[in-house]
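Input: a single structure, listed below in structure tokens.
The values are calculated or read from the model by the stated rules, or taken from the named source; none is laboratory data. It should be emphasised that the depicted structure is a prediction, and the values quoted were computed from it without experimental measurement. Because the Cβ atoms are built from the backbone with ideal geometry, glycine has one as well, and the counts that use them run over all protein chains shown. The area values use the complete protein model at the heavy-atom level, side chains included, leaving out ligands, DNA and RNA. Shrake-Rupley method; radii C 1.70, N 1.55, O 1.52, S 1.80 Å.
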Amino acid sequence: MTATKNKPRRKRNPKSTRIAILEAAKSVLARDGAEGLSVSSVANLAGVNRGTAYQHFRVKEDLIRATLDWVSHQLLEAVFEGGDQGGVPPEDWLEPDLEHLPEVINRMAAFNLRLAEYAIENPDIGRIWLYDVLSREHPKEDVFYKRFAQAMQSLADSDASVDDMDVEVQAVLMLTGYFLWPVWVRSHARSKKARKLMAKRFAGEVLRFSMHGVLRADSHTILQAYLKSNLPSS
């Protein structure tokens, strides 16, 4: 009598399952808001059964919190770890001597553009993420805001900055602008080419804004030359 061979069980990968659930939750949250999100609807979109989803997130509130934290990590990766800086955070770009200012400005410009592009490409979830951070009692619990505030503080402490820069005000002003600008220009309804232009316009204006109350006067001539060459007309 020939023994029947059992089919090998398909191994579950909890990490990939969790990521699939979080990505699905991000889509639902961006589309329907917190009120329209449920663990079962997210499970359906993620292609997992409800029981599996509930093993990862027992209640809706846990799923929303985890999703916004996931968005923050993606934002951190896209803005601070990507691009041509090789993972060097912007607080390490700042050189006090005039000789290095062109390089500093180019790196700041690239950083600003990456942040603007993320906001433009993710207008709904970005706005929800921003409101969540602004509503927190301790905003620095959010990994992106913490890193962003650290970068702003390092700039304020360097010789590249004007004296007495208010880091908290600057951080909130900048992030609010980045994530509300896509709402104003209705980026979700525009073409990819148009979105690229919107991001470049906003990033350029942030650099122009930096000449008044952020960066020392030594940088202004270099910044103006950069903007003249790179900032598109509206």
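Would you check which residues across the range 122-139 are open to solvent by 60 Å² or more (accessible area, probe 1.4 Å), within 14 Å of the chain's Cα centre (by Cα) and more than 15 Å from SER187 (Cα to Cα) and list them? Don't jump to the end; show me each part of the working.
Here is the first cut: in the range 122-139, the ones open to solvent by 60 Å² or more (accessible area, probe 1.4 Å) are 127, 131, 134-135, 137-138.
Narrowing the set further to residues that are within 14 Å of the chain's Cα centre (by Cα) leaves 127, 131.
Of everything in the range 122-139, just one residue is open to solvent by 60 Å² or more (accessible area, probe 1.4 Å), within 14 Å of the chain's Cα centre (by Cα) and more than 15 Å from SER187 (Cα to Cα), namely TYR131.
Working only within the range 110-121, note down all residues that are closer than 30 Å to LEU37 by Cα, open to solvent by 20 Å² or more (accessible area, probe 1.4 Å) and touching a Gly at 6+ places or on another chain (Cβ under 6 Å). Let's see the steps before the verdict.
Initial filter on the range 110-121 (closer than 30 Å to LEU37 by Cα): 114-121.
This time we only want the ones that are open to solvent by 20 Å² or more (accessible area, probe 1.4 Å), so: 114, 117-118, 121.
ARG114 - this is the single residue of the range 110-121 that is closer than 30 Å to LEU37 by Cα, open to solvent by 20 Å² or more (accessible area, probe 1.4 Å) and touching a Gly at 6+ places or on another chain (Cβ under 6 Å).
Consider PRO232 against the criteria (1) in a helix (DSSP H, G or I); (2) at pLDDT below 70; (3) not β-branched (Val, Ile, Thr): it satisfies all of them except one. Which criterion is unmet?
So the condition that PRO232 fails would be (1).
Quick one: in the range 47-63, which of the residues that are of a type in the set (A, V, I, L, M) and either open to solvent by 30 Å² or more (accessible area, probe 1.4 Å) or more than 23 Å from the chain's Cα centre (by Cα) (or both) is farthest from GLU141 (Cα to Cα)? Working first, answer last.
Here is the first cut: in the range 47-63, the residues of a type in the set (A, V, I, L, M) are 48, 53, 59, 63.
Subset that is either open to solvent by 30 Å² or more (accessible area, probe 1.4 Å) or more than 23 Å from the chain's Cα centre (by Cα) (or both): 48, 53, 59.
Values: VAL48: 30, ALA53: 25, VAL59: 21 Å.
Step by step, filter the range 47-63, then rank; the result is VAL48.
Do we have LEU155 as out of contact with any helix residue (DSSP H, G or I) (no Cβ under 6 Å at 6 or more places or on another chain), more than 17 Å from PRO182 (Cα to Cα), open to solvent by 80 Å² or more (accessible area, probe 1.4 Å) and aliphatic (A, V, I, L, M) here?
Details: out of contact with any helix residue (DSSP H, G or I) (no Cβ under 6 Å at 6 or more places or on another chain): yes; more than 17 Å from PRO182 (Cα to Cα): yes; open to solvent by 80 Å² or more (accessible area, probe 1.4 Å): no; aliphatic (A, V, I, L, M): yes.
Here the answer is no, as LEU155 does not meet what is asked.
Quick check on the range 159-205: of everything there that is under 16 Å from the mean Cα position of the chain (by Cα) and β-branched (Val, Ile, Thr), which residue is surrounded by the most Cβ atoms within 10 Å (Cβ to Cβ)?
Here the residue is VAL172.
Being surrounded by fewer than 19 Cβ atoms within 10 Å (Cβ to Cβ), under 24 Å from PRO182 (Cα atoms) and modelled with pLDDT of 95 or more narrows it down to one of ASP142, ASP32, ASP69, so name that one.
Values: ASP142 fails: surrounded by fewer than 19 Cβ atoms within 10 Å (Cβ to Cβ); ASP32 fails: modelled with pLDDT of 95 or more.
Every option except ASP69 fails the conditions.
Would you call ALA194 closer than 16 Å to GLU117 by Cβ, at pLDDT 70 or above and among the aliphatic types (A, V, I, L, M)? Walk me through it before giving the result.
Values: closer than 16 Å to GLU117 by Cβ: yes; at pLDDT 70 or above: yes; among the aliphatic types (A, V, I, L, M): yes.
Yes; evaluated as a whole, the condition is true for this residue.
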